[in-house]
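The values are calculated or read from the model by the stated rules, or taken from the named source; none is laboratory data. All figures in this text were calculated on a predicted structure; none of them were measured in a lab. Here Cβ is always computed from backbone atoms with ideal geometry, including for glycine, and neighbour counts include all displayed protein chains. For the accessible areas, the whole protein counts, side chains as well, though only heavy atoms, and no ligand, DNA or RNA atoms are used. Shrake-Rupley method; radii C 1.70, N 1.55, O 1.52, S 1.80 Å.
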Amino acid sequence: MSARRTCDCSADTRTLLACSGASNVGQITNDVAKELDAAGEARFFCLAGVGGHVGGMIESVRGASQVVVLDGCPVACARKTMEAAGLTNYEYVVVTDLGVEKTHNFNLAADDLARTRAAVRAKLGPAACKP
Amino acid sequence: MKKIQVLGTGCPKCRKLAENAEAAAKAAGIEYSLEKVTSINDIMKFGVMLTPALAVDGVVKVCGKVPGVDEIRAILS
């Protein structure tokens, strides 16, 4: 919870979880999630907390108005982490499905970032708060 | 005794959750303590990133919404 969100009770709760893996496509998920959080379009949430079965984090994801999960590649670590925590209600984006080849080059291409950003935006619904 | 904790910095939704939790505990006829956790740092110790939230005996049960009295009563029982 960042300083600009002293209370999330009335905030938009659209949530992004990224695999943030050790490849270009994994880091693209991370960068796009950071960008969209910074732009106020969704909030970037900690997938490691879900994987670590931190109860409050799992319930925070469950309580979000919308969840978009970003995986870099078909290994689908983020999706498997969600499912292991019993979280199944989410939209899903895989970066390699967008035509980005998986490499170990961390100099991320602007075009790949833009393509992923657009795909995530297309999944994000309108801002909504739960009552 | 059930330890009920309402996590939130004190906005109207947090206050409503505390009211509902108290009403639910009274309706259930249980012994309870009700604590309002308002410090961001203390809230984060629960792993909660979305408030208001409700914890019972240290376990987070609900995040990001205000459950009704009946729902909370079911959680408490």
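Would you check which residues across the range A:7-34 are at pLDDT below 95, buried (at least 21 other Cβ atoms within 10 Å of the Cβ) and assigned to a loop (DSSP other than H, G, I, E, B) and list them?
Passing the criteria: A:8, A:9, A:13.
Say we look at the range B:43-77 and pick out the residues that are among the small types (Gly, Ala, Ser) and open to solvent by 20 Å² or more (accessible area, probe 1.4 Å); which of these is farthest from residue B:3 (Cα to Cα)? Can you show your working first?
Step one: of the range B:43-77, the residues among the small types (Gly, Ala, Ser) are B:47, B:53, B:55, B:58, B:64, B:68, B:74, B:77.
Among the residues that remain, those that are also open to solvent by 20 Å² or more (accessible area, probe 1.4 Å) are: B:58, B:68, B:74, B:77.
Details: B:58: 7, B:68: 18, B:74: 15, B:77: 13 Å.
Per the criteria, the residue is B:68.
With the checklist (1) open to solvent by 70 Å² or more (accessible area, probe 1.4 Å); (2) within 9 Å of chain A (Cβ to nearest Cβ); (3) more than 29 Å from residue A:52 (Cα to Cα) in hand, flag the one item residue B:11 doesn't pass.
Of the numbered conditions (1) open to solvent by 70 Å² or more (accessible area, probe 1.4 Å); (2) within 9 Å of chain A (Cβ to nearest Cβ); (3) more than 29 Å from residue A:52 (Cα to Cα), the odd one out for residue B:11 is (1).
In the range A:49-78, how many residues are within 11 Å of chain B (Cβ to nearest Cβ) and assigned to a helix (DSSP H, G or I)?
Residues meeting the conditions: 10.
Scan the range A:39-54 residue by residue and report those that are open to solvent by 50 Å² or more (accessible area, probe 1.4 Å), farther than 24 Å from residue A:117 by Cβ and in contact (Cβ under 8 Å) with a residue 24 or more places away in the chain.
A:53 - this is the single residue of the range A:39-54 that is open to solvent by 50 Å² or more (accessible area, probe 1.4 Å), farther than 24 Å from residue A:117 by Cβ and in contact (Cβ under 8 Å) with a residue 24 or more places away in the chain.
Matching residues to (1) within 10 Å of chain A (Cβ to nearest Cβ); (2) in contact with a strand residue (DSSP E or B) (Cβ under 6 Å, 6 or more places away or on another chain):
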| site | (1), (2) |
| --- | --- |
| B:6 | no, yes |
| B:20 | no, no |
| B:28 | no, no |
| B:33 | no, yes |
| B:36 | no, yes |
| B:61 | yes, yes |
| B:72 | no, no |
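Go through the range B:38-57 residue by residue and tally those that are β-branched (Val, Ile, Thr) and in contact with a strand residue (DSSP E or B) (Cβ under 8 Å, 6 or more places away or on another chain). I'd like the intermediate steps shown before the answer.
The initial filter retains those residues of the range B:38-57 that are β-branched (Val, Ile, Thr), namely B:38, B:40, B:43, B:48, B:51, B:56.
Still in the running and in contact with a strand residue (DSSP E or B) (Cβ under 8 Å, 6 or more places away or on another chain): B:43, B:48, B:51, B:56.
Result for the range B:38-57: 4.
Within the bounds of the range B:49-56, is there any residue that is of a type outside the set (D, E, K, R), away from every other protein chain (no Cβ under 12 Å) and assigned to a loop (DSSP other than H, G, I, E, B)?
Of all residues in the range B:49-56, those of a type outside the set (D, E, K, R) come to B:49-56.
Checking the rest, the ones that are also away from every other protein chain (no Cβ under 12 Å) come to none.
Looking through the range B:49-56, none of the residues is of a type outside the set (D, E, K, R), away from every other protein chain (no Cβ under 12 Å) and assigned to a loop (DSSP other than H, G, I, E, B).
Have a look at A:119, A:64 and point out the one that is in contact with a Leu (Cβ under 7 Å, 6 or more places away or on another chain), under 21 Å from residue B:47 (Cα atoms) and among the small types (Gly, Ala, Ser).
Selected residue: A:64, the only one of A:119, A:64 that is in contact with a Leu (Cβ under 7 Å, 6 or more places away or on another chain), under 21 Å from residue B:47 (Cα atoms) and among the small types (Gly, Ala, Ser).
How many residues does the range A:30-78 contain that are under 15 Å from residue A:20 (Cα atoms) and hydroxyl-bearing (Ser, Thr, Tyr)?
Here the count works out to 0.
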